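Student: Just dropping this structure here.
The values are calculated or read from the model by the stated rules, or taken from the named source; none is laboratory data. Keep in mind that this is a model prediction, so the values were computed, not measured. No Cβ is skipped: glycine too gets one built from the backbone with ideal geometry, and neighbour counts run over all protein chains shown. Note: areas computed on protein heavy atoms with side chains; ligands, DNA, RNA excluded. Shrake-Rupley method; radii C 1.70, N 1.55, O 1.52, S 1.80 Å.
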Amino acid sequence: QKYGYYHCKDCNIRWESAYVWCVQGTNKVYFRQFCRTCQKSYNPYRVEDITCQSCKRTRCTCPVKMRHVDPKRPHRQDLCGRCKGKRLSCDSTFSFKYII
């Protein structure tokens, strides 16, 4: 799981997502995301690791983990290529490969 930056060239809308699923050890994206306006699917134009804002590491031992992700923000399942049309969404599916 990584953090991605998106841009819809038709609507000129930009968005970011902490639900970018990549091949382990690479930035090769598995699933596209859909533009909320025109519903076209896109890969992110930039992908980065989800890092701690305190120590700037992906896997840290900080007592309070400050991420550049808002865990309270709801996941848009209707715009996610991985969980669109499925019962379980990405944010409720635990991945053993992604340990913070």
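Student: All but one of (1) open to solvent by 90 Å² or more (accessible area, probe 1.4 Å); (2) modelled with pLDDT under 85 hold for C62; state the number of the condition that does not hold.
Tutor: C62 satisfies all of (1) open to solvent by 90 Å² or more (accessible area, probe 1.4 Å); (2) modelled with pLDDT under 85 except (1).
Student: Which of (1) open to solvent by 70 Å² or more (accessible area, probe 1.4 Å); (2) of a type outside the set (S, T, N, Q); (3) under 21 Å from C83 (Cα atoms) does G25 not meet, given it meets every other one?
Tutor: (3)
Student: How many residues are within 18 Å of D78 (Cα to Cα), hydrophobic (A, V, I, L, M, F, W, C) and not in a strand (DSSP E or B) if we restrict to segment 12-42?
Tutor: Going through segment 12-42 one residue at a time, the tally reaches 4.
Student: Within segment 31-42, can you find the residues that are open to solvent by less than 80 Å² (accessible area, probe 1.4 Å) and out of contact with any Phe, Trp or Tyr (no Cβ under 7 Å at 6 or more places or on another chain)?
Tutor: F34, C38
Student: Then there's this: I need every pair where a residue in segment 67-80 that is modelled with pLDDT of 70 or more has its Cβ under 6 Å from the Cβ of a residue that is part of a loop (DSSP other than H, G, I, E, B), sequence separation at least 6 or different chains.
Tutor: H75/S89; Q77/C83; Q77/S89; L79/R36
Student: In addition: Out of segment 2-20, which residues are touching a Cys at 6+ places or on another chain (Cβ under 9 Å), surrounded by fewer than 17 Cβ atoms within 10 Å (Cβ to Cβ) and either touching a residue at least 24 places away in the same chain (Cβ under 8 Å) or closer than 17 Å to C90 by Cα (or both)?
Tutor: Answer for segment 2-20, where residues must be touching a Cys at 6+ places or on another chain (Cβ under 9 Å), surrounded by fewer than 17 Cβ atoms within 10 Å (Cβ to Cβ) and either touching a residue at least 24 places away in the same chain (Cβ under 8 Å) or closer than 17 Å to C90 by Cα (or both): D10, C11, I13.
Student: I need a count of the residues in segment 43-57 that are surrounded by 15 or more Cβ atoms within 10 Å (Cβ to Cβ) and part of a loop (DSSP other than H, G, I, E, B).
Tutor: Residues flagged as surrounded by 15 or more Cβ atoms within 10 Å (Cβ to Cβ) and part of a loop (DSSP other than H, G, I, E, B) within segment 43-57 amount to 4.
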